[in-house]
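Trainee: Starting off with a structure, shown below.
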Amino acid sequence: MKAMRPLILVVIAVAAALVGWLATSATNRFSMPTPVLPESALVTMGVIALLTLVMGIRVLRWRNGKKKAMLDPIMAARTLILAQACAYAGTLLLGWHAGIALDLLRIGTLRTGEGVLWNALLMGGGGVVMVVVGLVVERFCRIPPEDLEGGAPGGQEKRRGETKGEGEYAYRAD
């Protein structure tokens, strides 16, 4: 698997913000409720972020040598996938609710209900937490580069199946 690129996350957040802003404008035009998640969604977002962090700490403890037992490679791969999914979901939630908040700030003087704005800001904050946890746990799943013993005198030789990067994911490509 390849590492997530922050630029892609920013592009997704901007696109989601644009769609969220357009959806809020359309719902306001037709006197429909603002499409924002309820406060109870923060609990779900927190549980997902906490589960991702706990699983990431298990991988980190094994990677740092604190655990003597062998790490289940399927669990490590699932942790990496969960971390990336957490970051992508957080990016979408952040962008969507940022677009809603921008539209509500634009028409803030015309509206009396500020609860929806605070709700959108809280959901955006929850999205930020999910993105940060996803990126941090993704870093936990990286294997540090190994020192090559007995390499060529001018430098290091590349072994079969070894990647070019500094530290790659716990996954073997051969």
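Trainee: When only residues in the range 6-44 that are β-branched (Val, Ile, Thr) and farther than 19 Å from residue 106 by Cα count, which is least open to solvent (accessible area, probe 1.4 Å)?
Mentor: Per the stated criteria, the residue is 12.
Trainee: Out of 22, 71, 42, I need the residue that is modelled with pLDDT of 90 or more and closer than 22 Å to residue 134 by Cβ. Which one?
Mentor: Checking each option against the conditions leaves just 42.
Trainee: From the list 48, 74, 107, exactly one residue is of a type outside the set (Lys, Arg), closer than 18 Å to residue 140 by Cβ and surrounded by fewer than 19 Cβ atoms within 10 Å (Cβ to Cβ). Which is it?
Mentor: 74
Trainee: Give me the pairs, please: first residue somewhere in the range 28-44 and in a helix (DSSP H, G or I), second residue anywhere and surrounded by 16 or more Cβ atoms within 10 Å (Cβ to Cβ) and modelled with pLDDT under 90, beta-carbon distance under 8 Å, and either six or more positions apart or on two chains.
Mentor: Within 8 Å, the pairs are 28/34; 28/103.
Trainee: Return the residue satisfying two criteria in turn: it lies in the range 118-128 and is surrounded by fewer than 19 Cβ atoms within 10 Å (Cβ to Cβ) and of a type in the set (A, V, I, L, M, F, W, C), and of such residues it is nearest to the chain's Cα centre (by Cα).
Mentor: The selected residue is 128.
Trainee: In this structure, does residue 69 turn out to be free of Cβ contacts under 8 Å to residues at least 12 places away in the same chain and of a type in the set (A, V, I, L, M)?
Mentor: Details: free of Cβ contacts under 8 Å to residues at least 12 places away in the same chain: yes; of a type in the set (A, V, I, L, M): yes.
Considered against the rule, which asks whether it is free of Cβ contacts under 8 Å to residues at least 12 places away in the same chain and of a type in the set (A, V, I, L, M), residue 69 comes out as yes.
Trainee: Can I ask one more? Within the range 51-71, count every residue that is touching a helix residue (DSSP H, G or I) at 6+ places or on another chain (Cβ under 9 Å) and open to solvent by less than 90 Å² (accessible area, probe 1.4 Å).
Mentor: The number of residues fulfilling the criteria is 11.
The values are calculated or read from the model by the stated rules, or taken from the named source; none is laboratory data. Bear in mind the structure is a predicted one, so any value in this text is a computation, not a measurement. Cβ sites come from the backbone with ideal geometry, for glycine too, and all protein chains shown count toward neighbours. Note: accessible area is taken over every heavy atom of the protein model, side chains too, but ligands, DNA and RNA are not part of it. Shrake-Rupley method; radii C 1.70, N 1.55, O 1.52, S 1.80 Å.
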